[in-house]
Amino acid sequence: MREEILITTRANPKIDPNVAAWGWQVIADLFLVGLTAGALIFTAMVILGRKEENFGFTAKRLPLIGLISIGLAMTFLFLKLTHKIVFWRFFGAFVPTAVMSWGAWLLQLVILAILLLTLQGLRGGYPALARPVDKFRLGTWALDWAERYRRPVAWASVVLGVIIAFYTGTLMTSMDARPFASSGLMAPLFLTSGLATAAAVVLIGARAPEERLLFSRVLFGMVVFKVLLLALTLANLANGSQVQIESVQMVFGGEYTRLFWLFFVIPGLLVPLAIEAFGLRGKRASWMMISPVLVLYGAYMLRQLVVDIGQVSGYLSYVNTYNPALLDLLR
Amino acid sequence: MIRYAMVIDTKLCIGCGDCVVACKTENKVPAGLNRDWVVEATTGTYPNLKTEFRSERCNHCAKPTCLYACPTAATYRWEDTNIVLVDPNKCTGCGACIAACPYDARLIMNEGYVSKCTFCHHRVEQGLDPACVSSCPTRCMHFGVLDDPNSTVSKLLASREHKALLDETGNEPQVYFLT
Amino acid sequence: MKRREFIQLSATLSAGAMAPVALTGCAERPLPGTGEVVRTPTVCNVCFWRCAGTVSTENGRPWKIEGNPDDLHSTGRFCTRGDGGLGMYTDPDRLKQPMIRVTENGQQRFRPATWDEAFDYIAAKMNRIKDEHGEDRLCLFSHGPGGSYFRRMLTAFGSRGYTQPSFAQCRGPRDVGFALTFGEGVGSPDRTDMENSRCIVLIGSHLGENLHNSQVQTWISALRKGATLITVDPRFSVAAGKSKHWLPIKPGTDMALLLAWMHVLINEGLYDADYVDRYVNGLDKLTAHVQQFTPEWAFTQTGIRPEVIRETAREMAKAAPATVVHPGRHVTWYGDDTQRSRAIAILTALLGSWGREGGYLAMENVNLPRYPLPDPPAPKNNWMQAVQGEYPLAPAGIAQKVIDGSIGDDAFFKGWFVYGTNLGYTIPGVTEKLQQAAQSLDLFVVVDTMPYAITGYADVILPECTYLERLDPIRNSPEREPSLAVNFPAFEPKYDSKPGWWIAKHIAERLGLGDWFPWKDYGEELDWQLRQVGSSLDEMRRIGVKKFPRTTPKYFAPNENRQFNTGSGKIELHSDLLADYGHDPLPVYTPPPTRPDEKHLHLNYGRAAAHTFGRTINNPTLFELMPENTAWVHPVAAGDFGVSNGEYVRLKNQDGVESLPVRIRVTQRIRPDSVYLVHGFGHKESQLGLANGRGADDQGLITRILVDPIMGGTGMRGNFVTLIPEEASA
């Protein structure tokens, strides 16, 4: 028998009893950046494939949604910082070993790319928004520039989209001390999820039948990929170090089992997968719109589970002898 | 890099928690926050038992994953040593270091920046031991330079069985426990 | 209406505000010690060990306390509590101004008063007691150095009544038992020479958890050098974990083990024959006496296997005389405690370790003259004869007898000064008697720093400042090397609190006894004393501790013949004095009280390194370390009661007394038939913001007292508790 306990009381906020430094802000950030990455990639591919006429929503309207996403993502990230007064320090250094430092700089390029993609689609996608911009000489110049150079921008966007989606996964992976999040498969998993997210948005927003058909296929493919990658990730963790094995047990009988299977895998992956498989055979019924909504839900849940279980799993978990809540009397 | 190490004799430690009080007063750590703590591990069944007391803190790893993870270089090494410090003026409170530390040894100050054990570098600079070491009534804690084969810490590690916590992480922790 | 209703000092009266936490933004905290640092010598008073050290302030704010390297009590290292001493000063719940009990509309309450009002009130009551009953009818309950001024004031008035609960509730049996054997006691700090011991035997003594600084330091230094540790304890204590031999004895059967050890030492010829020949009386009688106490017999009582008893006895003998059979400190357990201490003393004599290196040494203090004072008035009556006449061998006041002697119209004592002792949490099962005494007494004064429960009975509450804000008497306690240490105030007294000497002096002046405090500031008296030994207050302010050379040898010289302060002039294994007073001249074994049923577990209690009894629970720094106590139970017992780790339960004793909710710690470190609690918790006073309602109070659960017939000690270990899960308790 082994009893390992803290005999001085320790209750560091957001560290004890489990690390809880990252909350909904980071989860939403990861979700929104994934969506932006997907938007960058899909819009760019439509541009590069010269299919803007057939896939109008993806080419002209999706980028603005991506831009709003990344804007919200940055806002949430800022909200998360507990010492906001020096937030600018992210841009005061570049730390090559720190994944988040890469992220800070890459996100600037991502914002630029999604902004340019938004501008190139503005006149066609959102004429009401384009008109006031066109009233200024600079606005007209910017829209013209974005339209003229949309192909080189699109090339860059594909690359940036893949990188930034990988970044969100790698950020998790790099947290060695959070075993559940530290599988190398997080990067492709998050990329796939980001693409599925963007595809779901297209499916919700697009009206053209051709566009809807293509993206229902893309969505199906991405969800299939996601399921496979998730299975591989779990297998990878289950064959990992002792702490990784323990962490994965949290979804196989442990405290996160219900949440993982009943509230993530089934509704967020398997149900949309079934619906899309059904939809591929024939005409899409209107009730099937539930599927992309579930995919969005699943993408958010994936990130929530990776962040939460990642933080709960760890190397050391000491139990206090004395009730740590009593320290609140001193705070 | 000069490697400072702490060597704690679990056979002599009585788990009194003086190290925790000394740290809190020396470093003016606010109420409800801790840079160090004491763990008691009991193995066996009555009456065949063994206990081990460990005063734990940041391990000032030679390969500190927290330092690698910090995006703003707020976490840094003090001079050319393994002593890992946090600069409050650079720390945004992003939490990357907290996620990266396998020992959960970091804490968030009420002002929002991250803090941790400093090995009392302000004392080390004056040739003193960290407050926890110099207050320990049993003298079971030792501090010194590992690169010097004649230092107490080197000699103790050379002559006694010891372990460090979570060696398997590859962080090369520099707080050792004599067992 | 009750003459003196118990009044809870309301929390609203203690309206000290905590400074709001300033939002400092990103302003970098300066490194500690870079501001203006002022250091003041201190003598710690968080416990009675009184280590000398230094208080540091930075930019006028409290910073830290450290030990003074010249001080042998601490060797420059304070313990957990000493390092947390600043919490005594910063505690926002401190007593803040004098209070006087008043009755308004039939309701008793305390009203804030000026010091002058308080002094007038006390002096008037004292004079009335003098007129009606005599000047010798006041008594002082005391714990801590500041009691000496009140003792002086009362002595000058004509009252010699004086008691320290630390005698009959703690160390008394040991003092008496050793004095009966060696002609002198163990003293404090204990005269064990553990740093040189090669074998240390702890009997229920949980060194380490019991953190008396130099005692723990010398003990650990022996372990570092490879000394053999033998620990006898029903619980796997910290010390047990460091032992070569842990003897998990059945609670209350220690005497059987001690007798069996004597049996082995004598029958195997392992005792120090030369030492015994030279110094000891009564070996023949002891030899005959212990023949019946074989290890095989002891096994039936203690559960310790005979071969373990033999092996440990041989270990002790092998290391002798560098063997300490530790006398313990809190030894009021089963009522046969003086006899058990005698047994330890006898073992010590057989091992030849009294007066020998690694055994017991002679401690020495400085020959410091007392400040010249008037001759005290002769006592009118012998108060000890009056209240504790049935214990002629008790050399000191027995607190609970003094309380008994204060109940009723014809009681001897009519007025109390209670200095730094929270009697209800110090003496077991005393609450009812305290209430009765409170009805009988004409004057009840409490002097303390904190609003402990005892203040509820007072007529007048006098807020003393903490040791960090006052001068204390010079510390001149016996040590391996003599030294003096002075406690200087590091801060001005907070609120309207005052030093004890100032309070006693003013009361004395009101009584016309100003001659006894013939100075303006207590420092003048200390300076005079220090100058007699070649120092001064100024010098002490610089150095804190002054060492003096020893003038007597630490140990007996080889082949030295010496007289012991006993009837026979020798170490007395067989005590004729005890026989004369009708007690057993040699220790005998009495089986302990047994569990009433399977559902009742032995209640054992002890100390923790983080706290000094109940006096530090409200100290914010120490509270943070250990905010509550836990009830230790073995997994088997936990299973029987259906309780699990971390759950809160109430403990209910054999007489139906229930504790506050206490957290369960399920651990292998305790016998399945016992519960263990750290003493000092379970305060029920709302004015103690942190301590109130935290954990269980062992004293409240101790309602069966096993009185020591020799010295009146209160044996506390004959009580049993059952566990009541929180939801099931009424």
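The values are calculated or read from the model by the stated rules, or taken from the named source; none is laboratory data. Please read all numbers here as calculations on a predicted model, not as lab measurements. We place every Cβ from the backbone using ideal geometry, glycine too, and count neighbours over all the protein chains shown.
B:F53 falls short of the stated requirement of being of a type outside the set (K, R), crowded, with 23+ Cβ neighbours inside 10 Å and away from chain A (no Cβ under 14 Å). More than 25 Å from the chain's Cα centre (by Cα) and assigned to a loop (DSSP other than H, G, I, E, B): does that describe C:G33? So C:G33 fits the description; yes. Within segment A:113-143, the set of residues being in contact (Cβ under 8 Å) with a residue 40 or more places away in the chain, of a type in the set (S, T, Y) and either in a helix (DSSP H, G or I) or touching a Ser or Thr at 6+ places or on another chain (Cβ under 6 Å) (or both) comprises A:T118 only. For segment A:314-322, the criterion of being hydrophobic (A, V, I, L, M, F, W, C), closer than 30 Å to B:A31 by Cα, surrounded by fewer than 20 Cβ atoms within 10 Å (Cβ to Cβ) and without any contact (Cβ under 8 Å) to a residue 60 or more places away in the chain is satisfied by at least one residue.
Take segment B:91-146 and flag every residue that is in a strand (DSSP E or B) and not polar (S, T, N, Q).
Passing the criteria: B:L107, B:I108, B:V114, B:M141, B:H142, B:F143, B:G144, B:V145.
Could you tell me whether any residue of segment C:495-502 is under 30 Å from C:R109 (Cβ atoms) and touching a Gly at 6+ places or on another chain (Cβ under 6 Å)? Yes - at least one qualifying residue is present in segment C:495-502. Applying the set (1) touching a helix residue (DSSP H, G or I) at 6+ places or on another chain (Cβ under 7 Å); (2) surrounded by fewer than 21 Cβ atoms within 10 Å (Cβ to Cβ) to A:A199 leaves exactly one unmet item: (2). With a requirement of 2 or more residues that are over 25 Å from C:L180 (Cα atoms) and in the same structural domain as C:I230 (by TED's automatic domain parsing), the helices (runs of 4 or more DSSP H) lying completely within segment C:249-312 that satisfy it span C:295-302. Does at least one position in segment A:133-154 carry a residue that is out of contact with any Asp or Glu (no Cβ under 9 Å at 6 or more places or on another chain), within 14 Å of chain B (Cβ to nearest Cβ) and aromatic (F, W, Y)? No - not one qualifying residue is present in segment A:133-154.
If the condition is being in contact (Cβ under 8 Å) with a residue 12 or more places away in the chain and either within 9 Å of another protein chain (Cβ to nearest Cβ) or among the basic types (K, R) (or both), then segment A:99-109 contributes A:V99, A:M100, A:W102, A:G103, A:A104.
Quick check on segment C:691-715: of everything there that is in a loop (DSSP other than H, G, I, E, B) and either free of Cβ contacts under 8 Å to residues at least 40 places away in the same chain or within 14 Å of chain A (Cβ to nearest Cβ) (or both), which residue is surrounded by the fewest Cβ atoms within 10 Å (Cβ to Cβ)?
My answer is C:G693.
Taken as a whole, segment C:507-521 holds at least one residue that is closer than 19 Å to C:R542 by Cβ and either surrounded by fewer than 20 Cβ atoms within 10 Å (Cβ to Cβ) or touching a residue at least 40 places away in the same chain (Cβ under 8 Å) (or both).
Filtering segment A:1-41 to residues that are more than 9 Å from every other protein chain (Cβ to nearest Cβ) and farther than 19 Å from A:G298 by Cα leaves A:P17, A:A20, A:L40, A:I41.
Taking segment C:658-687 on its own, how many of its residues are more than 25 Å from the chain's Cα centre (by Cα), among the aliphatic types (A, V, I, L, M) and either surrounded by fewer than 20 Cβ atoms within 10 Å (Cβ to Cβ) or away from chain B (no Cβ under 14 Å) (or both)? Residues that pass the stated criteria total 1. Looking at the structure I just gave you, is C:E469 under 21 Å from the mean Cα position of the chain (by Cα) and either modelled with pLDDT of 95 or more or in the same structural domain as C:R694 (by TED's automatic domain parsing) (or both)? Here the answer is no, as C:E469 does not meet what is asked.
State the number of residues belonging to segment B:42-65 that are over 18 Å from the mean Cα position of the chain (by Cα) and over 16 Å from C:A609 (Cβ atoms). Selection size over segment B:42-65: 9.
Quick check on segment C:228-244. Is at least one of its residues surrounded by fewer than 20 Cβ atoms within 10 Å (Cβ to Cβ) and within 18 Å of C:P306 (Cα to Cα)? Yes, segment C:228-244 contains a residue that is surrounded by fewer than 20 Cβ atoms within 10 Å (Cβ to Cβ) and within 18 Å of C:P306 (Cα to Cα). Among the residues of segment C:159-176, at least one is more than 14 Å from chain B (Cβ to nearest Cβ) and under 26 Å from C:E315 (Cα atoms). The residues on offer are B:L178, B:L166, B:L157, B:L146, and the sole one that is of a type in the set (A, V, I, L, M) and either within 23 Å of B:C16 (Cβ to Cβ) or touching a His at 6+ places or on another chain (Cβ under 7 Å) (or both) is B:L178.
A:N18 - would you say it is under 30 Å from C:V678 (Cβ atoms) and not β-branched (V, I, T)? For A:N18, the condition - under 30 Å from C:V678 (Cβ atoms) and not β-branched (V, I, T) - is met. Closer than 22 Å to A:A196 by Cβ and assigned to a helix (DSSP H, G or I), is that true of A:A146? Criteria not met by A:A146. Residues in segment B:12-24 that are within 7 Å of chain C (Cβ to nearest Cβ) and more than 14 Å from B:F119 (Cα to Cα): B:L12, B:I14, B:G15, B:C16, B:G17, B:D18, B:V21. Scanning segment C:425-436 for residues that are at negative phi and over 15 Å from the mean Cα position of the chain (by Cα) gives C:V430, C:T431, C:E432, C:K433, C:L434, C:Q435, C:Q436. Checked against (1) within 14 Å of chain B (Cβ to nearest Cβ); (2) small (G, A, S); (3) surrounded by 24 or more Cβ atoms within 10 Å (Cβ to Cβ), C:A638 passes all but a single condition, namely (3). Given the structure, is C:A394 under 30 Å from C:I427 (Cβ atoms) and within 24 Å of the chain's Cα centre (by Cα)? In short, yes.
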